[in-house]
Amino acid sequence: MAGKLDGKVALVTGGTSGIGAGAVRRLTEDGAKVIFTGSKKEPAEALCAETGAAFESHRVQDVEGWQKLSDRIRSEYGRLDIAFANAGMEAGDGSVEDVDVDNWNRIISVNQTGVMLTIQNAIRIMKDNAEGATGSIIVNSSMNAKLAMGNFVAYSVTKAAVLALAKSSAMHCGLSGYKIRVNSILPGVVATDMILNIMNAQPDPEAARGMYEGMHPMKRMAKVEEVAALVAFLASDEAAFISGADYSIDGAATAGTMGV
Amino acid sequence: MSRLEGRVALVTGGLRGIGLATAERLAQDGAKVVVSDLSPESDPTVAEVLGRLGENASYISFNVAEEQGWKDAVATISERYGRLDVLVNNAGIDGTGKIHEMDFAVWRKVQAVNCDAAFLSAKYAYALLKSAGEQTAGGASIINVSSVMGFVSFPESSAYSTSKGGVRLFTKAAALEFATENVPIRVNSVHPGFVETPLLTEGFDRMVERGVAEKAEDLVGLVATSTPMNRLARPEEVAAVIAFLACDDASYVTGSEYVVDGGYLTR
C-alpha cells in the first residue's frame, strides 16, 4: 500500500491521540509528510518518534497561532496537499436545558470555528502549490450530525454545522476554479482511548461498552484504523472527483433502525 | 497493489462504461473478476475485455432483470471459483420520457434492471457471499451503483430516478438486515454524477434527436458547467470508490451512500 500519498504534505489537527493519531500513522505509512497539532506534548513526541511526523503545539481556535503554523508549513514543506480537520471536544456539554453558555461557546470555538480556520488556512496554503490550487480537505464530523444526542447539544449542533461548512467550502473551491476538494466523514463511535476512558469510568464499564456497541447494527465500535483508512482514501488522488460529499462510516448506524 | 488478492468479484454490465472500468480496477487490485452483460459470449468485445482482465477472469451472459439468470449465474460462479467476495450491481438502463407518454412496459423494464436486480442479486448470491465474508477480515461487499439521481430528479426522468432512489434504500435495508444478523456482508451504494460513459452519450444523442439541444457536445458542456468541479467524471474515478468499498479498508462501512459527483449535489 505504501506510496499512495508519496510526495504529499498533510496537516492533521488534534493529532496527538484518537482518530487524529490514527490518521497521522496511516498518512505517513502511505507516504505523506505529516505535521500535526494538539496540546499534549508527551504523546506528540512519542508519535513523532514513531512515525517521523512533525508536531506544532497549537489549538485550532487560536487565530494568531494559525499564522505561525502556516508559516512553518510553507517554510519547511513548501506546499500543502491534505488537511484533516479533526480536532474536536465535548467536555462540559449538556442538554439544551442545562448547558452552560461558556461551555457552549468553547465547544463551538473548537468544533466549528476551529474547523473553519483549518479550512481557511489550508486553502490559503494550497492555493500557492507550485502546480496551482490543489488539495484535499477532510472534515471529521460524526454520525451525531444526523443522530442528535439530547445530552450533548453543542457537540451535535457543531457536528451538523461542519457538514454545511464543508459543502460551502467545496462550492467555493469549485466555483473559484481551485482543484481543492472538501469532504466530510461521519464516524460512528470509535474505540479511542477517550471513549474507553469514559467507558471505564462508568459504574458498570461492561454495560457502557454494550451501550456504545449497540448503537451500531454491526454491534461493535469502529477501530481508529478503519476511520484513518477512509481519511487516506479521500486524501488520495483516487478520490479526484469527490467533493462536497459526506461519507458515513458507522456500521449502518445511520442507515435506519434495528427494528421498531 | 493486491489488496483483493484471492477474492472473486462479479461486475454486472461490465463490458463498457463504469462497469468496465470497475472490472479493470478490481483485477488490478488482485481480484478474479467475473464480468456479466447481455452480449453473447461469442461477441468479440467479450474476448477483448477478458484479455485485459488477466487469466482468471471470465464472462457470464445473463439478464440481471431475470430471476433464473441470477440462479444460473451464481451457480456458475460457485462452480468456477467456489466463492464470491465482491458483487457490483452496475448494469443499468435509462428510459427517459414524459410520464403521460411513457409506456408502462418501459417503466417496468427500468425498475427491473436498475432496482429488481439488486434484490435478486442479494437473494441469490447471499449464501456464496456469506461464506466468503466469513473467511475475510472486512467481510464480503455488495456495491450498488445508484446515481445522483437517487437523490434528485429531472423532468422526464421519473423511471430512472425512481429506480435509483429505490436501490439507494434497498442498500440500507440489506445492510441493516445483514449487520443485525451478524452476516458478514457489507452493502453500500455509490452515486456518480455525470460520467463520460456510452450510456450518457447515447442519452444525449436521443435528446438531440428530440430537439432538446443542437448537438451532444452542448449538453456535455452544460452538465460540466452545472458541476462545481466544472468537468465530467472519468469512469476510473467511480471505479476507485467501488474498489475502496470492496476492500478491507472499508470494513466498518455499511449502509452508506458514497457520492462521487464533483460537488453536483452540493449546489
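The values are calculated or read from the model by the stated rules, or taken from the named source; none is laboratory data. Owing to the predicted nature of the structure, the values given are computational and were not obtained by experimental measurement. Here the Cβ positions follow ideal geometry from the backbone for every residue, glycine too, while neighbour counts run over all protein chains shown. Surface areas here come from the heavy atoms of the whole protein model, side chains and all, with no ligands, DNA or RNA. Shrake-Rupley method; radii C 1.70, N 1.55, O 1.52, S 1.80 Å.
So in the range B:229-245, with the set limited to residues that are in contact with a Ser or Thr (Cβ under 7 Å, 6 or more places away or on another chain) and either open to solvent by less than 10 Å² (accessible area, probe 1.4 Å) or more than 9 Å from every other protein chain (Cβ to nearest Cβ) (or both), which one is farthest from residue B:16 (Cα to Cα)? Lay out the reasoning, then the answer.
Step one: of the range B:229-245, the residues in contact with a Ser or Thr (Cβ under 7 Å, 6 or more places away or on another chain) are B:229, B:235, B:239, B:242, B:245.
Narrowing the set further to residues that are either open to solvent by less than 10 Å² (accessible area, probe 1.4 Å) or more than 9 Å from every other protein chain (Cβ to nearest Cβ) (or both) leaves B:235, B:239, B:242, B:245.
Details: B:235: 10, B:239: 12, B:242: 16, B:245: 21 Å.
Checked the range B:229-245; the qualifying residue farthest from residue B:16 (Cα to Cα) is B:245.
Among the residues of the range B:129-149, what is the count of those that are open to solvent by 10 Å² or more (accessible area, probe 1.4 Å) and touching an Asp or Glu at 6+ places or on another chain (Cβ under 8 Å)?
Looking only at that region, the number is 2.
Look at the range B:203-228 and say how many of its residues are open to solvent by less than 40 Å² (accessible area, probe 1.4 Å), among the hydroxyl-bearing types (Ser, Thr, Tyr) and more than 9 Å from chain A (Cβ to nearest Cβ).
Number of matching residues: 1.
Might you check whether a residue that is open to solvent by 60 Å² or more (accessible area, probe 1.4 Å), away from chain B (no Cβ under 11 Å) and touching a Gly at 6+ places or on another chain (Cβ under 9 Å) occurs anywhere in the range A:209-224?
Yes - at least one qualifying residue is present in the range A:209-224.
Looking at (1) open to solvent by 20 Å² or more (accessible area, probe 1.4 Å); (2) in a helix (DSSP H, G or I); (3) among the basic types (Lys, Arg), can you tell me which one residue B:83 breaks?
Unmet condition: (2).
Give the residues of the range A:33-52 that are within 17 Å of the chain's Cα centre (by Cα) and closer than 16 Å to residue A:235 by Cβ, sorted by residue number.
Within the range A:33-52, A:34, A:35, A:36 meet the criteria.
What single numbered condition from (1) assigned to a helix (DSSP H, G or I); (2) surrounded by fewer than 16 Cβ atoms within 10 Å (Cβ to Cβ) fails to hold for residue B:70?
Tallying (1) assigned to a helix (DSSP H, G or I); (2) surrounded by fewer than 16 Cβ atoms within 10 Å (Cβ to Cβ), residue B:70 fails exactly one: (2).
Out of (1) at the interface with chain B (Cβ under 8 Å from one of its Cβ atoms); (2) touching a residue at least 40 places away in the same chain (Cβ under 8 Å); (3) not in a strand (DSSP E or B), what's the single condition that is false for residue A:248?
(3)
Search the range B:1-19 for residues being in a loop (DSSP other than H, G, I, E, B) and within 14 Å of another protein chain (Cβ to nearest Cβ), and hand back the single one that is surrounded by the most Cβ atoms within 10 Å (Cβ to Cβ).
B:4
Considering only residues that are open to solvent by less than 10 Å² (accessible area, probe 1.4 Å) and touching a helix residue (DSSP H, G or I) at 6+ places or on another chain (Cβ under 6 Å), which ones fall in the range B:251-267?
At the first step, the residues of the range B:251-267 found to be open to solvent by less than 10 Å² (accessible area, probe 1.4 Å) are B:252-256, B:258, B:260-263.
Of everything in the range B:251-267, those that are open to solvent by less than 10 Å² (accessible area, probe 1.4 Å) and touching a helix residue (DSSP H, G or I) at 6+ places or on another chain (Cβ under 6 Å) turn out to be B:252, B:254, B:255, B:258, B:260, B:261, B:263.
Looking at residue A:193 and the list (1) closer than 30 Å to residue B:181 by Cβ; (2) more than 14 Å from every other protein chain (Cβ to nearest Cβ), which single condition is not satisfied?
The one condition residue A:193 does not meet is (1).
Being within 20 Å of residue A:163 (Cα to Cα) and of a type outside the set (A, V, I, L, M) is the filter here, so list the residues in the range A:218-250 that pass it.
A:233, A:241, A:243, A:244, A:246, A:247, A:248, A:250
Tally up the residues in the range B:30-55 that are in a loop (DSSP other than H, G, I, E, B) and surrounded by fewer than 21 Cβ atoms within 10 Å (Cβ to Cβ), please.
Looking only at that region, the number is 9.
Which one of B:127, B:118 is within 14 Å of the chain's Cα centre (by Cα) and modelled with pLDDT of 95 or more?
On inspection, the qualifying residue turns out to be B:118.
So which residues in the range A:222-260 are out of contact with any Pro (no Cβ under 8 Å at 6 or more places or on another chain) and more than 30 Å from residue A:3 (Cβ to Cβ)?
A:254, A:256, A:257, A:259, A:260
Kindly check whether there is at least one residue in the range A:162-183 that is part of a loop (DSSP other than H, G, I, E, B), surrounded by 15 or more Cβ atoms within 10 Å (Cβ to Cβ) and either at pLDDT 95 or above or within 12 Å of another protein chain (Cβ to nearest Cβ) (or both). First the steps, then the outcome.
Of the residues in the range A:162-183, the ones part of a loop (DSSP other than H, G, I, E, B) are A:176-178.
Filter once more, so that each one left must be surrounded by 15 or more Cβ atoms within 10 Å (Cβ to Cβ): A:178.
Filter once more, so that each one left must be either at pLDDT 95 or above or within 12 Å of another protein chain (Cβ to nearest Cβ) (or both): A:178.
Yes - at least one qualifying residue is present in the range A:162-183.
Can residue A:99 be described as assigned to a loop (DSSP other than H, G, I, E, B), buried (at least 17 other Cβ atoms within 10 Å of the Cβ) and among the β-branched types (Val, Ile, Thr)?
Values: assigned to a loop (DSSP other than H, G, I, E, B): yes; buried (at least 17 other Cβ atoms within 10 Å of the Cβ): yes; among the β-branched types (Val, Ile, Thr): yes.
It is true that residue A:99 is assigned to a loop (DSSP other than H, G, I, E, B), buried (at least 17 other Cβ atoms within 10 Å of the Cβ) and among the β-branched types (Val, Ile, Thr).
Hey, residue B:23 hits all of (1) open to solvent by 20 Å² or more (accessible area, probe 1.4 Å); (2) under 16 Å from the mean Cα position of the chain (by Cα); (3) among the small types (Gly, Ala, Ser) but one; which does it fall short on?
(1)
Scan the range B:182-199 and tell me whether some residue there is in contact (Cβ under 8 Å) with a residue 40 or more places away in the chain, among the hydrophobic types (A, V, I, L, M, F, W, C) and assigned to a helix (DSSP H, G or I).
Yes, the conditions are met somewhere in the range B:182-199.
Check A:229, A:240 and return the single one that is surrounded by fewer than 24 Cβ atoms within 10 Å (Cβ to Cβ) and either at the interface with another protein chain (Cβ under 8 Å from one of its Cβ atoms) or over 27 Å from residue B:245 (Cβ atoms) (or both).
It is A:240.
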